[in-house]
1. Go through the stretch B:57-71 residue by residue and tally those that are more than 8 Å from chain A (Cβ to nearest Cβ) and touching a Leu at 6+ places or on another chain (Cβ under 8 Å).
2. May I ask you to list the residues in the stretch B:42-56 that are surrounded by fewer than 24 Cβ atoms within 10 Å (Cβ to Cβ) and facing chain A (nearest Cβ under 7 Å)?
3. Here are some conditions: (1) within 29 Å of A:R28 (Cα to Cα); (2) at pLDDT 95 or above. B:L163 meets all but one. Which one does it not meet?
4. Would you confirm whether any residue within the stretch B:18-33 is more than 15 Å from A:H31 (Cα to Cα), crowded, with 24+ Cβ neighbours inside 10 Å, more than 7 Å from chain A (Cβ to nearest Cβ) and touching a Leu at 6+ places or on another chain (Cβ under 9 Å)?
Amino acid sequence: MTDPDWDDPTTGDLARRLAATDFSADSRIRHTLRARLLAGGPPPRPVVPAPARRLAPAAWLALALVGLLTLAMAGGWAGHVAADVQAATPTHPATALATSGRSGPTAAVHTATGVPTPAPTGIIVATQAGALPLAVTVVSTLGVVPVDGVTPAGR
Amino acid sequence: MLDRTIPALADEAAWVARAQADPAAFGALYDHYFPRIYSYIRYRVADATLADDLTATVFVRALAGLGRYETAAAPFAAWLFAIARNAVSDHLRAERRHRWLSLDVVREWISLEPPPESVALAGEMRDRLLAALARLPARERDLIGLKFAAGLTNRRIAELTGLTESNVGVIVYRAVRRLRTDLEPQEPAHD
């Protein structure tokens, strides 16, 4: 079979030379990679595109937990502040008389009808009781965990 | 050594089937294809360490995806070089983001292996060839890498790249001619 790439008088010689050139002798990982691939364990992942991939799934979960708690804390305190504002600025004498006079996350706001409406104390108490520091501890414990045997450079 | 008629691995289908059942059997496929994969990647990227990095990526991906490979769909070489092309393309698309960590990882591996003597023996011609390759457009480097390093036919290259077979032939021919011109020694001007 004739092949213009090989048989052409002007390019054939170089084509044959290209085909005969084996660059693989330049490789410095040939044997190491083979051993790792065949070791049976999880193969090495030489390309880790972004630092974010170095976070273990558990760390992502912990970060999500912190995010949720932060949102809950912000929402809870907003409700708390709203309740305090409402208590501090009575618009009707009946409301003013109905406020419990207590402050803080467990304060109950009495409506004009006299029915106590508890503030969302569960989340607020949880955050004040140290859930946030706990979550931060979880994150720092799990931290940046190498994935699939890849350790960050320099470790 | 690579030549125009790169022989297929004897009983390749059987080796593939064996490796699909037991990754430890992947060694024969690895040994057969490593030079071709590395050389193809070296055609496409100038840096030897980066070529190591991408070659490792190819074989990791191949081993991980071997269970999904179907012999009837395509020859193993075509499947493997499709992975190689994708790995190089991925790298070229996101070169700046990828490079900082991947090279560090590969350098850890490099420290485990002695420097090959062949590196020291690499002649000026090889260096000039690599330099000339680096001056070719990316598509031409891809095609002549598939042609000469991978040892694929124009038809197979056309299937991989989406070009027509004749178009592959033309591009490869022009690329080789351009390389030849680039590699020719500069003759002194005569009066």
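1. In the first step, residues of the stretch B:57-71 are kept if they are more than 8 Å from chain A (Cβ to nearest Cβ); the result is B:58, B:61-62, B:65-71.
From the residues that got through so far, the ones that are touching a Leu at 6+ places or on another chain (Cβ under 8 Å) too are B:58, B:62.
Total meeting the criteria: 2.
2. Narrowing the stretch B:42-56 to residues surrounded by fewer than 24 Cβ atoms within 10 Å (Cβ to Cβ): B:45-50.
Within the stretch B:42-56, just B:A48 meets the criteria.
3. Here B:L163 clears every test but (1).
4. Scanning the stretch B:18-33, I find no residue that is more than 15 Å from A:H31 (Cα to Cα), crowded, with 24+ Cβ neighbours inside 10 Å, more than 7 Å from chain A (Cβ to nearest Cβ) and touching a Leu at 6+ places or on another chain (Cβ under 9 Å), so the answer is no.
The values are calculated or read from the model by the stated rules, or taken from the named source; none is laboratory data. Fair warning: this is a prediction, and the values are worked out from it, not measured in the lab. Virtual Cβ from ideal backbone geometry, glycine too; neighbours counted across all protein chains shown.
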